[in-house]
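Contents: one structure, followed by commentary.
The values are calculated or read from the model by the stated rules, or taken from the named source; none is laboratory data. Keep in mind the model is a prediction, meaning the values are calculated, not measured. Backbone-built Cβ (ideal geometry, glycine too); neighbour counts: all protein chains shown.
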Amino acid sequence: MAGITDGKFCREIASYGFDMVTIGGYNADKPTIDAGCKVIARGRLEFDIKEDGLISTIKNEASIIKDSWNGRVSVNLRAVSFKPIIQISKLENIDVVELNAHCRQPEIMDVGGGQALLNEPEILYNLTKKIVERAESKVSVKIRANVPGVDYIRLSKAVEDAGADYLHVDAMKPGHDCADYEIIRSISKSTEIFLIGNNSIKDLKSARNMIDAGADGISIARATIGGFLPFDLSLI
Ligand SMILES: Cc1cc2nc3c(=O)[nH]c(=O)nc-3n(C[C@H](O)[C@H](O)[C@H](O)COP(=O)(O)O)c2cc1C
């Protein structure tokens with residue numbers, strides 16, 4: 001999920017010791033797909049999946065990974081409605097559906113998706129709950145830290161109360177090239193949910209800092225680009 005979204009890339013990266021890889025993000029319902037078309041028009045080509053090809057694309061990308069790997073496959077989805085997410089949760093090779101409350105592309109936010117969900121804890125709660133109640137896979141919610149006006153403790157508790165299995169936090173700290181470990185620490189202290197800490201993990205030190213701050217797991221995006229990781233994940 002750093003601009004490269006496909007199964008081939010995830011399968012290569014999986015060999016470095018991950019127990020879960022994430023494909024996507026994909027726009028999963030009509031409002032986000034229409035918004036994605038506008039994003040594509042200004043050059044973000046990774047948003048280019050058509051509504052009628054979405055399920056077959058996800059099936060295909062997931063099977064590329066699962067055909068030769070036993071770990072879990074998550075799929076990151078931008079949506080403002082639950083039905084398409086439920087359909088995807090039923091696919092054979094999908095272990096986790098991840099609701100994207102993270103994307104800050106204005107077109108996605110304009111339809112109430114991605115980061116716009118952070119300012120609407122009740123909507124995020126209701127959407128997550130509907131997904132949790134119906135999904136046939138585990139459910140994750142991915143959020144972005146340090147968006148002005150967001151009460152992260154309230155938001156994290158809403159995700160936990162809705163029954164999600166994972167809270168995936170991009171602990172971005174504007175103006176810094178390290179994560180905001182404090183926000184991870186405060187969410188960890190306030191909830192019991194499995195917390196995946198993300199942002200700027202590029203070596204053992206940054207990975208361990210994230211775990212020490214209270215994350216139960218870590219995720220890595222940009223440092224995976226280039227086909228290698230600069231450190232051995234089993235050492236964390
Ligand atoms: C080009 C690019 C595309 C991204 N696309 C997605 C996405 O579709 N869904 C998502 O949840 N995060 C997306 N991200 C965010 C990353 O998954 C990650 O949260 C962020 O880059 C911070 O982690 P990192 O420091 O390990 O890269 C994207 C990041 C980049 C750089």
(request) Quick one: residue 76 ticks every box in (1) at pLDDT below 95; (2) part of a strand (DSSP E or B) except a single one, so which number is it? (result) (1)
(message) Between 162, 158, 179, 145, which is within 28 Å of residue 84 (Cα to Cα), within 12 Å of the ligand (Cβ to nearest atom) and at pLDDT 95 or above?
(response) 145
(request) Might you check whether a residue that is under 19 Å from residue 197 (Cβ atoms) and touching a residue at least 60 places away in the same chain (Cβ under 8 Å) occurs anywhere in the stretch 142-152? (result) yes
(request) Confirm whether residue 136 is assigned to a loop (DSSP other than H, G, I, E, B), at pLDDT 95 or above and away from the ligand (no atom under 13 Å from the Cβ). (result) yes
(request) Looking at (1) in contact (Cβ under 8 Å) with a residue 24 or more places away in the chain; (2) within 28 Å of residue 218 (Cβ to Cβ); (3) buried (at least 20 other Cβ atoms within 10 Å of the Cβ); (4) within 15 Å of the ligand (Cβ to nearest atom), find the lone condition where residue 116 falls short. (result) (1)
(request) Among the numbered conditions (1) without any contact (Cβ under 8 Å) to a residue 60 or more places away in the chain; (2) within 13 Å of the ligand (Cβ to nearest atom); (3) in contact with an Asp or Glu (Cβ under 7 Å, 6 or more places away or on another chain), tell me where residue 74 comes up short. (result) (1)
(message) Quick check on the stretch 194-209. Is at least one of its residues away from the ligand (no atom under 15 Å from the Cβ), under 24 Å from residue 103 (Cβ atoms) and over 15 Å from the mean Cα position of the chain (by Cα)?
(response) no
(request) Could you run through the stretch 52-65 and say how many residues are free of Cβ contacts under 8 Å to residues at least 40 places away in the same chain and either crowded, with 19+ Cβ neighbours inside 10 Å or aromatic (Phe, Trp, Tyr) (or both)? (result) 2
(request) Name every residue in the stretch 207-219 that is in contact (Cβ under 8 Å) with a residue 24 or more places away in the chain and surrounded by 20 or more Cβ atoms within 10 Å (Cβ to Cβ), in order of residue number. (result) 207, 210, 213, 215, 219
(message) Under 8 Å between Cβ atoms, which residue pairs at least 6 apart in sequence (or on different chains) link something in the stretch 95-107 that is over 16 Å from residue 134 (Cβ atoms) with a partner that is near the ligand (Cβ under 10 Å from one of its atoms) and aromatic (Phe, Trp, Tyr)?
(response) 105/47
(message) Can you pull out every residue in the stretch 23-34 that is surrounded by fewer than 23 Cβ atoms within 10 Å (Cβ to Cβ) and in contact (Cβ under 8 Å) with a residue 24 or more places away in the chain?
(response) 29, 31, 34
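For (1) on the phi < 0 side of the Ramachandran plot; (2) small (Gly, Ala, Ser); (3) away from the ligand (no atom under 12 Å from the Cβ), each residue gets a yes or a no:
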{"site": "20", "(1), (2), (3)": "yes, no, yes"}
{"site": "26", "(1), (2), (3)": "yes, no, no"}
{"site": "30", "(1), (2), (3)": "yes, no, yes"}
{"site": "35", "(1), (2), (3)": "yes, yes, yes"}
{"site": "51", "(1), (2), (3)": "yes, no, yes"}
{"site": "63", "(1), (2), (3)": "yes, yes, yes"}
{"site": "66", "(1), (2), (3)": "yes, no, yes"}
{"site": "91", "(1), (2), (3)": "yes, no, yes"}
{"site": "100", "(1), (2), (3)": "yes, no, no"}
(request) Return yes or no: is residue 150 in contact with a helix residue (DSSP H, G or I) (Cβ under 6 Å, 6 or more places away or on another chain) and part of a loop (DSSP other than H, G, I, E, B)? (result) yes
